[in-house]
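Bear in mind these aren't lab numbers, they're just calculated from the coordinates by the rules spelled out. Quick caveat: nothing in here was measured; it's all calculated off a predicted structure. Cβ placement follows ideal geometry from the backbone for every residue including glycine, while neighbour counts extend to all protein chains displayed.
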Amino acid sequence: MIPAARTTARAPPPPARRARPVPPTPSPFGTPSAAGTTQPGGGGTAGPSQSAGGGNPTIAACNDNDLSIDTSGWRQDSGQHLLITATNFTDTACTLYHYPYVRFGTDIGAPVGATESKPRAIATIGPKEKAYAGAFVFKAGQQTYTVTSFSLGYQDRALNSNKDVAPLDIRLSEEVGSLTVGPTPRVTYWNTDLRAVEDFLFRSGNS
């Protein structure tokens with residue numbers, strides 16, 4: 001009787017190693033959300049990789065001569081929030097520090113207080129790029145008044161700077177028309193990420 005041939009079991013070959021993905025190179029300035037649209041609800045990307053409160057000292061702070069300002073709202077919002085969009089129309093980058101100084105209507109008192117909405121990155125915007133700030137205008141049940149304009153001022157690197165600088169008076173866009181304002185409106189920090197502003201306004205429980 002012929003003995004059966006012996007077979008030797010071999011260990012399976014080790015699995016092939018997968019190459020690690022290479023992270024994308026960050027842009028020197030934040031990419032504007034929603035491909036540059038001023039309509040709320042678009043997508044957004046994170047801003048520049050600088051820590052909030054810092055910023056590149058070689059880039060000047062934005063001012064009235066650098067920006068065009070637009071205002072818009074959200075459908076089914078009952079007018080409780082306002083979106084302020086700042087577009088850099090120059091050929092040089094500038095930085096929007098901290099939060100805007102906002103006063104509604106003919107109010108000449110202190111600007112609207114800021115919410116706890118400090119972004120992960122300073123809002124530095126290159127040519128044609130945008131930054132956003134959102135405002136809580138009123139809550140249900142509050143006594144309100146109606147306005148058709150607001151004033152806007154900008155800060156420098158130091159928090160609470162430039163309060164004595166005359167603000168720019170801005171008429172609300174045709175889309176907004178008028179605003180109903182309560183006794184305790186608030187404004188978010190500037191942010192190059194529109195979705196981050198929307199998340200804070202509508203999903204953080206702060207409105």
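Relative contact order of the range 127-207: what whole-number percent is it, with Cα pairs under 8 angstrom and at least 6 residues apart?
On the way: 108 pairs, mean separation 37.0, N = 81.
Answer for the range 127-207 is 46 percent.
Straight-line reach from Lys128: which lysines have Cα under 29 Å away, leaving out those fewer than 8 places along the same chain?
List returned: Lys118, Lys163.
Across the Cα atoms of the range 82-182, what radius of gyration and what greatest pairwise Cα-Cα distance (Dmax) are found, in Å?
14.2, 46
Taking the Cβ-Cβ separation of Ile108 and Asn65 as r and a Förster radius of 22 Å, what is the calculated FRET efficiency to the nearest 0.05?
Details: r = 23 Å, r/R0 = 1.05.
Efficiency, rounded to the nearest 0.05: 0.45.
Mind putting a number on the dipole of the range 60-207 about its Cα centre? Charges go on the C-beta only, +1 for Lys and Arg and -1 for Asp and Glu, and I need it in Debye to the nearest 20.
Numbers: 13 positive and 16 negative charges, 85 e Å.
Value, rounded to 20: 400 debye.
Please go through the range 90-131 and write out the trypsin sites (Lys or Arg not before Pro) that DSSP classes as loop and that have at most 15 other C-beta atoms within 10 Å. Spell out each step's value before the answer.
Details: sites: Arg103, Arg120, Lys128, Lys130; in loops: Arg120, Lys128.
Answer in residue order: Arg120, Lys128.
For Leu168 and Arg75 in one chain, what is 0.36 nm times their gap in residues minus the Cα-Cα distance, to one decimal in nm? If you can, show how the numbers build up before the last one.
Values: separation 93, 0.36 × 93 = 33.48 nm, distance 2.72 nm.
Full extension from Leu168 to Arg75 adds 30.8 nm.
Given 10 Å bins starting at zero, what is the percent of C-alpha pairs of the range 51-119 in each, up to the one with the largest pair distance?
Whole-percent P(r) values from 0 Å outward: 15, 39, 37, 9, 0.
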